[in-house]
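Engineer: Next up is a structure, given as structure tokens.
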Amino acid sequence: MNKRIRSGKSSELIVTGELIRHGVDVYLPCVDDQAIDLLLRAPAGVRYYEVQVKSIKGYNSIVGVKNAEDLRGNYILIVHYRHDSKPDEFFYLTHKQIAHHHLKGSGWGDLVFNKPERERYAEQNLADLAKRILNGEDIS
């Protein structure tokens, strides 16, 4: 059993459930070879968002984020911090925010997202993301 794959898949399903609970239409791709774990559909017009979910145990570095130069305006990263002794934390970053925090020249797609960044983006949680999508706001 590959615990890392299980952890990643369970985070994708947890995020999916939370977004559905908040009223967002969530679609699961059959294949995950483009770093797209979920598709979110906005009710206004034909707008969708490609989502990558990263599961992090503790506050370790975030690795394996899609190359910032390849991101489109409809790309969202959701970071799921999994904790044993306190509630889990969720943050989302837009493609511009990802590019800003992406470590240049990193072979593993490292993202700098330490305590100052977590404090800066504290309001960017799943409830906020759902509200913005349901209100038809542009999240780019």
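The values are calculated or read from the model by the stated rules, or taken from the named source; none is laboratory data. All figures in this text were calculated on a predicted structure; none of them were measured in a lab. Note: ideal-geometry Cβ built from the backbone for every residue, glycine included; neighbour counts use all protein chains shown.
Engineer: Looking at (1) touching a His at 6+ places or on another chain (Cβ under 8 Å); (2) modelled with pLDDT of 90 or more; (3) aliphatic (A, V, I, L, M), can you tell me which one Ile56 breaks?
Structural biologist: Only one criterion is unmet by Ile56, namely (2).
Engineer: Any residue at all in the stretch 73-96 that's part of a strand (DSSP E or B), surrounded by fewer than 19 Cβ atoms within 10 Å (Cβ to Cβ), acidic (Asp, Glu) and within 12 Å of the chain's Cα centre (by Cα)?
Structural biologist: Yes: the stretch 73-96 contains one or more residues that are part of a strand (DSSP E or B), surrounded by fewer than 19 Cβ atoms within 10 Å (Cβ to Cβ), acidic (Asp, Glu) and within 12 Å of the chain's Cα centre (by Cα).
Engineer: Report every pair of residues separated by at least 6 positions or lying on different chains whose Cβ atoms are under 8 Å apart, first residue within the stretch 1-12 and more than 16 Å from Gly58 (Cα to Cα), second of a type outside the set (S, T, N, Q) and at pLDDT 85 or above.
Structural biologist: Matching pairs, first to second residue: Glu12/Leu28; Glu12/Asp37; Glu12/Leu38; Glu12/Val53.
Engineer: Let me ask something else. Tell me, please, whether a residue that is at pLDDT below 90 and more than 20 Å from Ser10 (Cβ to Cβ) can be found in the stretch 86-93.
Structural biologist: no
Engineer: A follow-up question, please. Which condition number in (1) free of Cβ contacts under 8 Å to residues at least 40 places away in the same chain; (2) touching a Gly at 6+ places or on another chain (Cβ under 9 Å) is the one that Val65 fails?
Structural biologist: For Val65, the failing item is (1).
Engineer: Can you tell me which residue within the stretch 113-140, out of those that are within 15 Å of Lys96 (Cβ to Cβ) and part of a loop (DSSP other than H, G, I, E, B), is modelled with the lowest pLDDT?
Structural biologist: Per the criteria, the residue is Ser140.
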